[in-house]
Amino acid sequence: MECIVNPLSGWEDAGCNIDTGMPASIIAQMIKDKRIVVRGSFAPGPAVPHKEFFKELRKRKMVIYRNGKVIN
């Protein structure tokens, strides 16, 4: 799998982009609004509803590919 992210306008020369903080922000929002309810230390797979997470990434122009095919 891979995530393709175009740089934000004006940030083309920066060493990072939306793919750095945006996923963590999405997870925090999912915890806040109770879409993630498990507590403790977990790998993301069992704790994060992946279909919703990928949908949220797509809303933020982060495209996820699996074997060259867009999945979000």
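The values are calculated or read from the model by the stated rules, or taken from the named source; none is laboratory data. Just so it is clear, the model here is predicted, and its values are computed rather than measured. Note that each Cβ is placed from the backbone with ideal geometry, even for glycine, and that neighbours are counted across all protein chains shown.
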Query raised in the report: What are the residues in the range 9-33 that are closer than 17 Å to Arg58 by Cβ and either more than 16 Å from the chain's Cα centre (by Cα) or of a type in the set (Val, Ile, Thr) (or both), if any?
Result: Ile18, Ile26, Ile27
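Would you be able to tell me the number of residues in the range 44-56 that are under 18 Å from Gly21 (Cα atoms) and without any contact (Cβ under 8 Å) to a residue 24 or more places away in the chain?
Applying the first criterion (under 18 Å from Gly21 (Cα atoms)) to the range 44-56 yields 44, 48, 50, 52-56.
Add one more test, that the residue is without any contact (Cβ under 8 Å) to a residue 24 or more places away in the chain, and what stays is 44, 48, 50, 52, 54-55.
Result for the range 44-56: 6.
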Report task. Please work out which residue is modelled with the highest pLDDT, limiting yourself to the range 5-22 and to residues that are touching a helix residue (DSSP H, G or I) at 6+ places or on another chain (Cβ under 9 Å) and either at positive phi or of a type in the set (A, V, I, L, M) (or both). Result -> Met22
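The rows are residues; the columns are (1) touching a strand residue (DSSP E or B) at 6+ places or on another chain (Cβ under 9 Å); (2) among the β-branched types (Val, Ile, Thr); (3) at pLDDT 85 or above.
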position	(1), (2), (3)
Ala24	no, no, yes
Ile27	no, yes, yes
Ile36	no, yes, yes
Tyr65	yes, no, yes
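Rundown of residues vs (1) among the charged types (D, E, K, R); (2) in contact with a Cys (Cβ under 8 Å, 6 or more places away or on another chain), yes/no style:
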{"site": "Ala14", "(1), (2)": "no, no"}
{"site": "Asp19", "(1), (2)": "yes, yes"}
{"site": "Asp33", "(1), (2)": "yes, no"}
{"site": "Gly45", "(1), (2)": "no, no"}
{"site": "His50", "(1), (2)": "no, no"}
{"site": "Tyr65", "(1), (2)": "no, yes"}
Query raised in the report: So which residues in the range 34-45 are over 14 Å from the mean Cα position of the chain (by Cα) and under 22 Å from Lys61 (Cα atoms), if there are any at all?
Result: Arg35
